[in-house]
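Worksheet for the structure shown next.
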Amino acid sequence: MKHLIDIKDLSVEEIDDLIKVANDIIANKEKYSHKCDGKKLATLFFEPSTRTRLSFEAAMLELGGSVLGFSESSSSSVSKGESVADTIRVVGCYSDIIAMRHPKEGAPLVACEKSTVPIINAGDGGHNHPTQTLTDLLTISREKGRLNNLTIGLCGDLKFGRTVHSLATAMSRYSGIKFVLISPDELKMPDYIKKNVLEKNNIEYCETKSIEEHLPELDILYMTRVQKERFFNEDDYVRLKDYYILNKAKLENAKKDLSILHPLPRVNEISTDVDDDPRAKYFEQALCGKYIRMALILNMLGIK
Ligand code: CP
């Protein structure tokens with residue numbers, strides 16, 4: 001049985017295969033509409049979500065399967081003191097596959113040790129978000145036609161933003177990748193990602209506080225929200241939350257074929273006047289999330 005806890009659980013070849021299947025689903029939706037007849041996906045979300053939970057549910061429904069689950073821990077027996085391990089073991093009696101989000105780093109890893117069905121990590125604290133990364137990779141490959149030879153700016157909360165940790169890990173396995181890490185000092189990319197991922201894979205990167213400085217050389221600008229829920233101190237959050245606000249004027253010197261991505265939700269970090277710019281791809285990205293999760297469900301259930 002296969003689980004997806006970390007993006008590294010998938011080889012580059014497996015990721016390429018998922019992207020191929022997702023593209024085929026986009027082109028031939030009808031062909032896939034009964035692939036999961038009789039199968040059930042449980043979505044166990046111990047932390048809020050719009051895109052990840054609903055795109056997982058839409059994905060399973062469009063494959064012909066059914067969904068069950070909860071969207072907050074207060075409506076489950078976890079609120080009575082039940083452990084995550086027991087919850088997972090029980091939900092495995094009612095479903096064929098589980099997508100789980102939890103505020104504690106490592107919770108999905110603990111869950112998969114007790115699970116009788118495949119577990120997908122739908123985000124664990126400030127750690128990882130592998131299915132967002134699959135979404136990002138599908139979006140980049142569709143927009144750019146490649147996953148190599150790209151200069152990628154990661155901007156905002158690189159400390160607590162789990163999406164950028166998983167994305168940096170995934171992209172470090174492709175050739176010709178350069179990262180520009182744009183953040184205030186307090187929200188820099190953690191050392192373990194810089195040392196164990198970027199430096200270990202000889203990935204060129206630089207760190208800066210300025211979004212304007214490297215904008216003209218970027219192929220991808222990946223904006224992120226300052227993660228309010230991970231701050232211990234409200235004053236720090238208030239001081240940093242609007243550090244970057246991307247607007248139309250700032251894009252003046254950017255490449256004409258730049259792709260602006262954001263895992264969403266956004267707060268103020270991308271002004272709505274950017275939404276009509278043809279380079280803004282974050283809503284297409286959200287749609288890609290459904291198709292890559294369809295491909296992933298098929299893969300993890302062993303359905304061709
Ligand atoms: N991108 C993302 O994980 O969004 P949600 O928190 O709405 O699921």
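The values are calculated or read from the model by the stated rules, or taken from the named source; none is laboratory data. Since this is a predicted model, take the numbers as computed values, not measurements. Every residue, glycine as well, gets a Cβ built from its backbone with ideal geometry; the counts of neighbours run over all protein chains shown. Heavy atoms of the whole protein, side chains included, go into the accessibility calculation; ligands, DNA and RNA do not. Shrake-Rupley method; radii C 1.70, N 1.55, O 1.52, S 1.80 Å.
Could you give the Stokes-Einstein D for segment 1-107 in µm² per second, using the C-alpha Kirkwood radius, 20 °C, 1.002 mPa s?
Values: Rh = 15.3 Å.
Diffusion coefficient, whole number: 140 µm²/s.
Once you have all Cα-Cα distances for segment 43-151, histogram them in 10 Å bins from zero and send the whole-percent values.
All Cα pairs, binned at 10 Å, distribute as 14, 43, 29, 11, 3, 0 percent.
Report the residue, chosen from VAL197, VAL238, VAL117, that carries the largest GNM mean-square fluctuation when the chain is represented by alpha-carbon nodes joined by springs under 10 Å.
Residue with maximal mean-square fluctuation among VAL197, VAL238, VAL117: VAL238.
Find which of THR272, SER75, VAL90 sits farthest along the positive direction of the dipole of the chain, computed with +1 on the beta-carbon of Lys and Arg, -1 on that of Asp and Glu, about the Cα centre.
VAL90
Roll a 1.4 Å probe over the protein chains and send me the accessible area per residue for the chain in Å².
Value for the chain: 43 Å² per residue.
Taking the C-alpha atoms of the chain, how large are the radius of gyration and the largest Cα-Cα span, Dmax, in Å?
18.9, 55
Not counting ligands, DNA or RNA, and with a 1.4 Å probe, what is LYS281's accessible surface area in Å² rounded to the nearest 10?
Approximately 40 Å² for this residue.
Within 10 Å, at most 13 other Cβ atoms, and a DSSP state outside H, G, I, E, B define an exposed site. Report the longest part of the chain free of exposed chymotrypsin sites (Phe, Trp or Tyr not before Pro).
The reported range is 95-231.
Of all beta bridges DSSP finds with both residues in the chain, what is the antiparallel percent, to the nearest 5?
Restricted to the chain, the bridges split so that about 5 percent are antiparallel.
Let me check against my output: what whole-number percent is the relative contact order of the chain, with C-alpha pairs under 8 Å and at least 6 apart?
On the way: 576 pairs, mean separation 59.3, N = 304.
Worked out over the chain, it gives 20 percent.
Using a Gaussian network for the chain with springs between C-alpha atoms less than 10 Å apart, which of these wobbles most: ASP185, ASP219, ASP124?
ASP185
For the pair CYS93 and LYS195, how long in nm is the line joining their label points, each one 7 Å along Cα→Cβ?
My value for the distance between the label points is 4.6 nm.
Run down the aspartates and glutamates and flag those whose C-alpha is under 18 Å from the C-alpha of LYS80, throwing out any fewer than 8 positions away in its chain.
Cross-link targets: GLU47, GLU72.
Got a number for carbon plus sulfur as a percent of the chain's accessible area, 1.4 Å probe?
C and S atoms contribute 49 percent here.
So what is the 222 nm mean residue ellipticity for the chain from helices alone, if each DSSP H run of at least 4 adds -39500 (n - 2.57) and you divide by all residues, rounding to the nearest 500 deg cm²/dmol?
-10000 deg cm²/dmol
In bins 5 Å wide, starting from 0, what share of all Cα pairs of segment 163-270 does each bin hold, as a percent?
Taking all Cα pairs of segment 163-270, the binned fractions are 2, 10, 21, 23, 22, 14, 7, 1, 0 percent.
Once you've got the Cα coordinates, tell me which of LYS29/LYS228; LYS40/LYS144; LYS209/LYS256; LYS40/LYS228; LYS31/LYS248 are over 30 Å apart.
With Cα atoms farther than 30 Å apart: LYS29/LYS228; LYS40/LYS144; LYS40/LYS228; LYS31/LYS248.
Taking the Cα centre as origin and putting +1 on Lys and Arg beta-carbons and -1 on Asp and Glu beta-carbons, what dipole magnitude results for segment 130-286, to the nearest 20 debye?
That gives segment 130-286 a dipole magnitude of about 540 debye.
With +1 on each Lys and Arg Cβ and -1 on each Asp and Glu Cβ, how big is the dipole of the chain about its Cα centre, in debye rounded to the nearest 20?
660
Pick from ALA107, ALA249, ALA59: which is most flexible by mean-square fluctuation in a GNM of the chain where alpha carbon atoms under 10 Å apart are linked?
The residue with the greatest mean-square fluctuation here is ALA249.
Can you check what the net charge comes to around PRO118, using other residues whose Cβ is under 10 Å from the Cβ of PRO118 (Lys, Arg +1; Asp, Glu -1)?
Computed value for this residue: 0.
For HIS34, what accessible surface area do you get with a 1.4 Å probe? Give it in Å², rounded to 10.
130
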